[in-house]
Amino acid sequence: MKITVLIADDGPDDMKRELGLSLLVEHRDHRILFDTGASGAFADNAAALGIDLSMVDAAVISHQHFDHVGGLRRLLEENRTAPIYLRDAPHHDRFFKVLGVVKKSIGMDPALAAAATDRLVTVDGEHEIAPDIVLT
C-alpha cells in the first residue's frame, strides 16, 4: 500500500498547503482519493507529482466539513467516473456558530451535491468498495 499526501496544512515548500486533507491511497491496482481538502489545490499538487486524477477508481469523503470536501468540484472536473463515497446524506448541511449567534455553513455546497447525485454513494456501516478494501 502506498499513501501520497496531496494536501495538508504542512508539507514541502514546493507544494501548496491549506487547512484540510487529501490523500491518494494506492492498494494493488486500486487508486482511492481520500478527501479533497478545502479547495482544488490538491489537484494542483497531484499534477505537480505526476498523478493523473482521471485514473482514480473511487473517492472517499471522511466527513462533510469544508476542509475535507471543499475540492469536490475540482475532483468532478478531473475525474468523470469514480464513485464518491460519503458517510452521511449529502443534503445534510453542517454549521458553525460564530460568537454563538451567526451560523456559517461549513458543509458541502448543496448545489454541488445536487449536481453530483449520480456519483455520490451514501454509506452506512461496512461497505466494500473493491476486493480487500472496506469502508467502516
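Please work out which residue is modelled with the lowest pLDDT, limiting yourself to region 78-104 and to residues that are among the aliphatic types (A, V, I, L, M) and open to solvent by 30 Å² or more (accessible area, probe 1.4 Å).
89
Could you look through region 52-70, keep only residues that are under 17 Å from residue 87 (Cβ atoms), of a type outside the set (Phe, Trp, Tyr) and open to solvent by 30 Å² or more (accessible area, probe 1.4 Å), and pick out the one that is modelled with the lowest pLDDT?
65
Give the residue, chosen from 31, 17, 73, that is farther than 24 Å from residue 129 by Cα, open to solvent by 20 Å² or more (accessible area, probe 1.4 Å) and of a type outside the set (Ser, Thr, Tyr).
One residue alone meets the criteria, 17.
In region 105-122, which residues are open to solvent by less than 30 Å² (accessible area, probe 1.4 Å) and either farther than 17 Å from residue 66 by Cβ or without any contact (Cβ under 8 Å) to a residue 24 or more places away in the chain (or both)?
113, 119
What about residue 77, is it out of contact with any Cys (no Cβ under 7 Å at 6 or more places or on another chain), part of a helix (DSSP H, G or I) and of a type in the set (Asp, Glu)?
Criteria met by residue 77.
The values are calculated or read from the model by the stated rules, or taken from the named source; none is laboratory data. Quantities reported herein were computed from a predicted structural model and do not represent experimental measurements. Neighbour counts are summed over all protein chains in view; Cβ atoms, including those assigned to glycine, are modelled from backbone coordinates with ideal geometry. Note: accessible area is taken over every heavy atom of the protein model, side chains too, but ligands, DNA and RNA are not part of it. Shrake-Rupley method; radii C 1.70, N 1.55, O 1.52, S 1.80 Å.
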